[in-house]
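So the structure is just underneath, and the comments pick up after that.
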Amino acid sequence: MREKGNLEAMFEKLKSGFKGLVNKVTTTELKSENLTPILSDFKMSLVENDVAFPVAEKISDDLVKRLNGVQVKRLDDRKKIVEDNLKQVLLEVMLTGQKIDLLKIASEKRKKNEPLVLMFVGINGTGKTTTIAKVAQFVREKGYSVVLAGADTYRAGSIEQLEEHGRRLGVRVIKSNYGGDPAAVAYDAVNHAKAHGINFVLIDTAGRMQTNQNLMNELIKVKRVVSPDLTIFTVDSLIGNDAVEQAEEFNKAVGIDATILTKVDADVKGGSALSVTYVTQKPILFIGVGQTYKDLELFNPEKFVNMVLR
């Protein structure tokens, strides 16, 4: 397990791909006919590193457009120009129309004595329930109170798993029996928070394959009943292009507001981080960077781009 915050060790392949590109382009005359073959190879390197094909294409095409015909006097200047343009292209991919400042929203809700309701969606095995516990720890460290809702009433062990996290963190879990109505559990949790002045409600839902329409309908029902402030999609960064497909499907079916990428500490490729934001046009809120409750970091696109170009 890598240490928290040791992002330098992550995404090694993406970083070396960008470094190789910068070196090649720096020693080439900046003309479209010279750049296109280099960027064609680079596009395939991005795809191999889990960058979705449309995203890899956009990065390569935009870079050719930006660099074509640029006049440069010295080699040093050329490297900086290439890096600066690549940085701008990546930022355009990573930045969405909206930024979500979770703590600012929470502060505004607290002033109105209303809970901030977060509904977590995603398929089984992405670390969704553990991620909810990490978010609970994060907001508690910032001085907010939390209640958890065990609205995954389908999977054996899911409520126990959430209860175990709740016990360790000292956080109340609202639940029902297996086979119960997930929307009713979520509704009860929101009412409990309102009655007791609790700041955050974190709703765990059944992890489902995005192709299971009945379970998707259940999600839609939960969302309709509790009207969460944010619907957060949790996805395993190690599954590569599947992450993009899942994000698209969930966004279409339920509507997501933000993403949390899990298992980033084990991800040497890093392409999911580039792709998920661009495809959904929703920001990445957090990344999971380890096994403990504290191993959750607010995601900063500028910091990410600077890191992969270092």
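Each reported figure results from applying straightforward, stated rules to the coordinates on display, with no laboratory input. Quick caveat: nothing in here was measured; it's all calculated off a predicted structure. Cβ coordinates were reconstructed from backbone atoms using ideal geometry, including for glycine residues, and neighbour counts include every protein chain displayed.
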- [ ] Once you have a ≥ b ≥ c as the square roots of the Cα gyration tensor eigenvalues for the chain, tell me rounded if a/c is under 1.5, and otherwise prolate or oblate according to whether a/b is larger than b/c.
- [x] prolate
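For region 102-256, build the convex hull from the C-alpha positions and give me its volume per residue in Å³.
Working: hull volume 16.4 nm³, N = 155.
Considering the Cα atoms of region 102-256, their hull volume per residue is 106 Å³.
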Open item on the list: For region 10-41, which trypsin sites (Lys or Arg not before Pro) pass both filters: DSSP loop (anything but H, G, I, E, B) and at most 16 other C-beta atoms within 10 Å?
Closed with: Lys31
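Calculated FRET efficiency, Glu108 and Ala184, Cβ-Cβ r, R0 30 Å, to nearest 0.05? Could you put the intermediate results ahead of the total?
Numbers: r = 28 Å, r/R0 = 0.93.
That pair, Glu108 with Ala184, gives E of 0.60.
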- [ ] Rounded to whole Hz and in sequence order, give me ³J(HN,Hα) for region 224-237 from the Karplus expression 6.51 cos²θ - 1.76 cosθ + 1.60, θ = phi - 60°, writing x for Gly and Pro.
- [x] 5, 6, 9, 6, x, 5, 9, 9, 10, 9, 9, 9, 7, 5
Task: Residue-averaged 222 nm ellipticity for the chain, from DSSP H runs of 4+ at -39500 (n - 2.57), nearest 500 - done: -17000 deg cm²/dmol
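Label region 7-94 by shape, choosing from rounded, prolate and oblate, from the square roots a ≥ b ≥ c of the eigenvalues of the Cα gyration tensor; if a/c is under 1.5 it is rounded, and otherwise prolate applies when a/b is larger than b/c, oblate when it is not.
Values: a/c = 1.79, a/b = 1.41, b/c = 1.26.
Prolate, because a/c is 1.5 or more and a/b exceeds b/c.
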TODO: Considering Cα pairs under 8 angstrom that are at least six residues apart, work out the relative contact order of the chain and quote it in whole percent.
DONE: 26 percent
TODO: Rank these for me by crowding, Lys58, Lys221, going from fewest to most other beta carbons within 10 Å.
DONE: Lys221, Lys58
Open item on the list: Please list, in order along region 166-175, the HN-Hα scalar couplings obtained from phi with the Karplus expression 6.51 cos²θ - 1.76 cosθ + 1.60 (θ = phi - 60°), rounded to whole Hz, x for Gly and Pro.
Closed with: x, 4, 5, 8, x, 10, 6, 10, 8, 8
TODO: Note down the relative contact order for region 155-310 as a percent, whole number, built from C-alpha pairs under 8 angstrom at least six residues apart.
DONE: 15 percent
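Of all the stretches in the chain, which is the longest one without any exposed loop site, taking GluC sites (Glu not before Pro) in a DSSP loop (any state but H, G, I, E, B) with at most 14 other Cβ atoms within 10 Å? Please list the in-between numbers first.
On the way: sites that count: Glu3, Glu29.
Answer from the scan: 30-310.
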- [ ] Just need the relative contact order of region 263-310 here, percent rounded to a whole number, with Cα pairs under 8 Å and 6+ apart.
- [x] 30 percent
Task: Karplus 3J(HN,Hα) series, Hz, for region 284-296 with 6.51 cos²θ - 1.76 cosθ + 1.60 (x for Gly, Pro) - done: 7, 8, 9, 10, x, 10, x, 8, 8, 4, 7, 7, 9
Open item on the list: Which one, Thr27, Thr131, Thr277, has the greatest fluctuation when you compute a Gaussian network model over the chain with C-alpha springs under 10 angstrom?
Closed with: Thr27
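Sort Val222, Val173 so the one with the fewest other Cβ atoms within 10 Å of its own Cβ comes first.
On the way: Val222 26, Val173 21.
Fewest to most other Cβ atoms nearby, the residues stand as Val173, Val222.
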- [ ] Would you grab the residues whose amide H sits under 5 Å from the one on Val146? Only those 5+ places off in sequence or on another chain, please, with H modelled 1.01 Å from N.
- [x] Asn199, Phe200
Open item on the list: On C-alpha positions alone, give me the angle between the axis of helix 75-94 and the longest principal axis of the chain, in degrees, nearest 10.
Closed with: 30 degrees
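For every other residue with a beta carbon closer than 14 angstrom to the beta carbon of Asp62, add +1 if it is Lys or Arg and -1 if Asp or Glu, then tell me the sum. Let's see the in-between values first.
Working: positive: Lys43, Lys58, Lys65, Arg66, Lys87; negative: Glu57, Asp61, Asp84, Glu92.
So the environment of Asp62 carries a net charge of +1.
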Task: Computed lengthening from Val72 to Asn306, 0.36 nm per intervening residue step minus Cα-Cα distance - done: 81.9 nm
- [ ] Enter the angle in degrees (range 0 to 90, nearest 10) between the Cα long axis of helix 271-280 and the first principal axis of the Cα atoms of the chain, meaning the one along which they spread out most.
- [x] 70 degrees
Open item on the list: What do you get for the angle between helix 182-196 and the principal long axis of the chain? Use alpha-carbon atoms, 0 to 90 degrees, nearest ten.
Closed with: 80 degrees
TODO: Would you mind pulling out the separation of the Cα centroids of region 168-206 and region 249-310, in Å?
DONE: 26 Å
Task: Which of Val64, Val235, Val147 has the fewest Cβ neighbours within 10 Å, and the rest in rising order - done: Val64, Val147, Val235
